[in-house]
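The values are calculated or read from the model by the stated rules, or taken from the named source; none is laboratory data. The shown structure was predicted, so the numbers you read here are calculated from the model rather than taken from an experiment. Note that each Cβ is placed from the backbone with ideal geometry, even for glycine, and that neighbours are counted across all protein chains shown.
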There are 2 protein chains.
Amino acid sequence: MADLSSYLNSRTKRVDQALRSYLPGPKTRPATIHEAMRYSIFAGGKRMRPVLCLAAVEACGGDEALALPAAAAVECIHTYSLIHDDLPCMDDDDLRRGRPTSHKVYGEGVAVLAGDALLTIAFEILARFTPTKRYSVASAISELAVASGSRHLIGGQVLDLEGEGSEVKLTPSALRYIHESKTAALLTASLRLGGMSANATPTLLEALTIYGRSLGLAFQIIDDILDVTQTSEKLGKSAGKDAASHKSTYPALFGLEKSRREAARLTEAAHEALTPFGKKGERLSALADYLLDRDY
Amino acid sequence: MADLSSYLNSRTKRVDQALRSYLPGPKTRPATIHEAMRYSIFAGGKRMRPVLCLAAVEACGGDEALALPAAAAVECIHTYSLIHDDLPCMDDDDLRRGRPTSHKVYGEGVAVLAGDALLTIAFEILARFTPTKRYSVASAISELAVASGSRHLIGGQVLDLEGEGSEVKLTPSALRYIHESKTAALLTASLRLGGMSANATPTLLEALTIYGRSLGLAFQIIDDILDVTQTSEKLGKSAGKDAASHKSTYPALFGLEKSRREAARLTEAAHEALTPFGKKGERLSALADYLLDRDY
């Protein structure tokens, strides 16, 4: 598929348009919170999760328009989690996507509330999910809430926080749990919500799950590798932070070489998971290449 | 109704039981977050919102058991908002219901995440809403998300935060907006979700809305009055904080006497709103007396 970059372009635009229409305007009272929500959500993110959601719809032969609420909702969750992760009491980051973080611009109080508001509106938006024969609105809401809740997305952040600054290295299985929770869970839910919008069969939904988990883990390992090997300028965020805070990462635990091999193995697993889709899985396959074929 | 205290007792127990069953056990991995969620949710709160939710079901002739997800969900939202409001970057409170606040016990990072987790699980729980002829799961999710989102609950907190420490007094209409947003919106949603569980007619749902708004505003004004007139010990939280932080309140804006008259007027309006329920509204009427007949 030579047209991946035009695909990414058009889908990103579509998602941005949906987000603009779902979020209250920047002048809606109180203006501060609505400005802060937009500041972070329109900060030039790659829209990886919404694009995967829409690509899953395509792979399952559904209508992308029906999945726009799901695509927008996962991006709201992702953005809220970044705002809260960047807070001084968490990762304490001043820079995100090359711009000052929310609390640097609006203060900590408003940053906490902007995160809360994006988390809340994710469910307001997802309530627009169009039910299919197999999947109800309740199942979609539950899918997103579980993936972003205390047993997954938030749970991973808690373990991450507890590990930081600690002299005790995490076990490999604990580190895998963090990666699965922090990155893979929401990626997988994005794909599954796309599948659910397209009334995917249980077999296809399971294939999306395996693809998502492999992709998410590979992506996180590559991120950890790049944190070691790249400069802040190239990353658009502070580099070397993991090592500085004694955070357990794949490279810290296994070294760069073994981490690279594990990333490659998981990339392979992601591609294999797409077999049941046949030709229809080509876009997801191209996206895996695009996301994982970074200079690591 | 002489049996109000036994009613409150039994309904509070029922809600606590539901919350216990919906929340992950305290040993669920990662244990810290699940302990922190339970620490705040089982802190001896009055369960005002869930009880109002169940009383609305009764007033509309529905089955209370079907409303337990809604009752539990509103309590999760309320508790999350208290955890975040108490943070150092917000109201900076050390004491809540006579016990140390979440961030005092678990640290700021985990307190932010415990709030996030309770906010998220509220929607997971509400996804169990049993649809009725008039009200879908989507309408219930949307009801809760809007009331607790950036235009209401969170919006009120933003304005509150912006007003704090400021020398400029709020206008009466701005103060009313804060009260409506911070207190009345979630109270009203609790009642409406109860009504929706019971398939309430539009007329009854509207009556619950007016009752909720009046009750919520009266309650908030009385809270502000008590902050001026009572001791910390009696309140179970730090008293005199509003004045100390130059927060605009009804008493600060209008004086105690006028504030008391406004609280009484709103109490009257709450009772009047119950007319369409006839005898079935007696419990809601007794609850208004119970909540508003404090020593103010």
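Please count how many residues of the range B:22-65 are under 23 Å from B:D289 (Cα atoms) and assigned to a helix (DSSP H, G or I).
Residues in the range B:22-65 being under 23 Å from B:D289 (Cα atoms) and assigned to a helix (DSSP H, G or I): 13 in total.
Among the residues of the range A:42-77, write down those that are surrounded by 24 or more Cβ atoms within 10 Å (Cβ to Cβ) and either hydroxyl-bearing (S, T, Y) or under 17 Å from A:A111 (Cβ atoms) (or both).
Residues satisfying the conditions are A:C76, A:I77.
Confirm whether B:A65 is closer than 27 Å to B:G281 by Cα and in contact (Cβ under 8 Å) with a residue 24 or more places away in the chain.
It is false that B:A65 is closer than 27 Å to B:G281 by Cα and in contact (Cβ under 8 Å) with a residue 24 or more places away in the chain.
Could you tell me which numbered condition A:G155 fails, if it satisfies all but one of (1) outside any helix (DSSP H, G or I); (2) facing chain B (nearest Cβ under 7 Å)?
Only one criterion in (1) outside any helix (DSSP H, G or I); (2) facing chain B (nearest Cβ under 7 Å) is unmet by A:G155, namely (1).
Taking the residues in the range B:91-105 that are in contact (Cβ under 8 Å) with a residue 40 or more places away in the chain and farther than 17 Å from A:M90 by Cα as candidates, determine which candidate is nearest to the other protein chains (Cβ to nearest Cβ).
So the residue we want is B:D91.
Check whether at least one residue in the range A:82-90 is away from chain B (no Cβ under 14 Å) and either within 29 Å of A:S10 (Cβ to Cβ) or hydroxyl-bearing (S, T, Y) (or both), and report yes or no.
Scanning the range A:82-90 turns up no residue that is away from chain B (no Cβ under 14 Å) and either within 29 Å of A:S10 (Cβ to Cβ) or hydroxyl-bearing (S, T, Y) (or both).
Would you say B:E108 is of a type in the set (D, E) and either out of contact with any Leu (no Cβ under 8 Å at 6 or more places or on another chain) or more than 7 Å from chain A (Cβ to nearest Cβ) (or both)?
When the stated conditions are applied, B:E108 does not pass them.
Of the residues that make up the range A:200-210, is at least one away from chain B (no Cβ under 14 Å), at pLDDT 90 or above, surrounded by 24 or more Cβ atoms within 10 Å (Cβ to Cβ) and not in a helix (DSSP H, G or I)?
For the range A:200-210, residues away from chain B (no Cβ under 14 Å), at pLDDT 90 or above, surrounded by 24 or more Cβ atoms within 10 Å (Cβ to Cβ) and not in a helix (DSSP H, G or I): present.
Enumerate the pairs (first residue in the range A:38-62 and at pLDDT below 95; second residue anywhere and in a loop (DSSP other than H, G, I, E, B)) with beta-carbon separation below 8 Å, excluding pairs fewer than 6 apart on the same chain, so at least 6 apart or on different chains.
Filtered contacts from the range A:38-62: A:A43/A:R97; A:G44/A:R97; A:G44/A:G98; A:G45/A:R97.
Identify all residues within the range B:1-21 that are within 27 Å of A:E162 (Cβ to Cβ) and either surrounded by 20 or more Cβ atoms within 10 Å (Cβ to Cβ) or in contact with a Leu (Cβ under 6 Å, 6 or more places away or on another chain) (or both); write none if there are none.
B:L19
Inside the range B:109-130, can you point out the residues that are buried (at least 24 other Cβ atoms within 10 Å of the Cβ) and either of a type in the set (S, T, N, Q) or touching a Lys or Arg at 6+ places or on another chain (Cβ under 7 Å) (or both)?
Hit for the range B:109-130 is B:T120, nothing else.
Within the range A:121-138, which residues are of a type in the set (V, I, T) and in contact with a Cys (Cβ under 9 Å, 6 or more places away or on another chain)?
Result: A:I121, A:I125.
How many residues are in contact with a helix residue (DSSP H, G or I) (Cβ under 7 Å, 6 or more places away or on another chain) and either farther than 14 Å from B:S81 by Cβ or among the hydrophobic types (A, V, I, L, M, F, W, C) (or both) if we restrict to the range B:157-173?
Counting residues in the range B:157-173 that are in contact with a helix residue (DSSP H, G or I) (Cβ under 7 Å, 6 or more places away or on another chain) and either farther than 14 Å from B:S81 by Cβ or among the hydrophobic types (A, V, I, L, M, F, W, C) (or both) gives 7.
May I ask you to verify whether A:R20 is without any contact (Cβ under 8 Å) to a residue 24 or more places away in the chain and either within 18 Å of A:I77 (Cβ to Cβ) or hydroxyl-bearing (S, T, Y) (or both)?
Here the answer is yes, as A:R20 does meet what is asked.
Take B:A127 and tell me if it is within 12 Å of chain A (Cβ to nearest Cβ) and in contact with a helix residue (DSSP H, G or I) (Cβ under 8 Å, 6 or more places away or on another chain).
Yes; evaluated as a whole, the condition is true for this residue.
If you take the residues in the range B:131-152 that are among the hydroxyl-bearing types (S, T, Y) and more than 10 Å from chain A (Cβ to nearest Cβ), which one is surrounded by the most Cβ atoms within 10 Å (Cβ to Cβ)?
B:Y135
Mind checking which residues of the range A:260-296 are farther than 24 Å from A:K46 by Cα and of a type in the set (G, A, S)?
Across the range A:260-296, the qualifying residue is only A:G278.
Do we find a residue being more than 12 Å from chain B (Cβ to nearest Cβ), more than 26 Å from B:K27 (Cα to Cα) and β-branched (V, I, T) anywhere in the range A:173-192?
Checking the range A:173-192: not a single residue is more than 12 Å from chain B (Cβ to nearest Cβ), more than 26 Å from B:K27 (Cα to Cα) and β-branched (V, I, T).
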